[in-house]
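Notes for the one structure printed next.
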Amino acid sequence: MNLAPERSTLTLLIASILLLSACGGGGSSGGGTTTSSSSSTSSNTSNVPVENVAVPPEDSCAIAGFAATMLAAVNAARATARYCGSTWYSAAPALAWNTKLTQAAAVHSHDMAANSFLSHTGSNGSTLVNRVDATGYVAIAWGENISGGSATVDAVMAGWLASAGHCANIMNSTFRDFGAACARNDAAAYQRYWTQDFATPR
């Protein structure tokens, strides 16, 4: 039985040539949303059918079918219009699983688990943008949800959807691609460390 406390936080970044906006922070804080009018294509991404994506157990907290389960949960949430806090979001298009975003998410979840912290800033000072850039994904918009303590995809999703800012990331119709990871370290404060990375390709 997992008795570790649970905590979530998020960051949302939308960028264009002239604009870089960031929001988010510790705890379960929310954040504003900035939109970009830039068009996007998928030529710089690595979308593959989710059934062909192998997520190592250390990246998924040994949850069977992690990639398919997480993507289905996110797309089911996006398919239903809802309030995120006091802001109404219409249903949004389904996201595509992206291996590069999954890599960025896995790096951060492993870092948090290994070093027992919960933050969007990595132990080496990295940001979400740094981690996504390092994979070669070329984006005009980025978003990240993180959480610690949940034992299942359903539990972590319920927590994120109950938080205005995290929910806003999940429902943001700007995003097109998605990757996620969970890393476990029973000696760390929250034991399980979750990361969702969202992006829109340039």
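Only helices (runs of 4 or more DSSP H) whose full extent lies in the range 125-202 are considered here, and the ones with at least 3 residues that are surrounded by fewer than 21 Cβ atoms within 10 Å (Cβ to Cβ) are 128-135, 153-161.
Within the range 64-75, the presence of a residue that is modelled with pLDDT of 95 or more, open to solvent by 50 Å² or more (accessible area, probe 1.4 Å) and either assigned to a loop (DSSP other than H, G, I, E, B) or of a type in the set (Phe, Trp, Tyr) (or both) is excluded. For first residues located in the range 171-189 and closer than 16 Å to Phe117 by Cα, partners that are basic (Lys, Arg) and lie 6+ apart or on another chain with Cβ distances below 8 Å form the pairs Cys182/Arg192; Ala183/Arg192; Arg184/Arg192. Yes or no: Ala104 open to solvent by 30 Å² or more (accessible area, probe 1.4 Å) and not in a strand (DSSP E or B)? Considered against the rule, which asks whether it is open to solvent by 30 Å² or more (accessible area, probe 1.4 Å) and not in a strand (DSSP E or B), Ala104 comes out as no.
Here Ser119 fulfils each of the conditions (1) in a loop (DSSP other than H, G, I, E, B); (2) more than 15 Å from the chain's Cα centre (by Cα); (3) closer than 25 Å to Pro201 by Cα apart from (2).
Is it the case that Arg82 is surrounded by fewer than 20 Cβ atoms within 10 Å (Cβ to Cβ), of a type in the set (Lys, Arg) and at pLDDT 95 or above? Even if it seems obvious, please write down each step before you answer.
On the way: surrounded by fewer than 20 Cβ atoms within 10 Å (Cβ to Cβ): yes; of a type in the set (Lys, Arg): yes; at pLDDT 95 or above: yes.
Yes: the conditions hold for Arg82.
The values are calculated or read from the model by the stated rules, or taken from the named source; none is laboratory data. It should be emphasised that the depicted structure is a prediction, and the values quoted were computed from it without experimental measurement. Glycine gets a Cβ as well: all are built from the backbone with ideal geometry, and neighbour counts include every protein chain shown. Remember, those area values only see protein heavy atoms, side chains included, never the ligands or the DNA or RNA. Shrake-Rupley method; radii C 1.70, N 1.55, O 1.52, S 1.80 Å.
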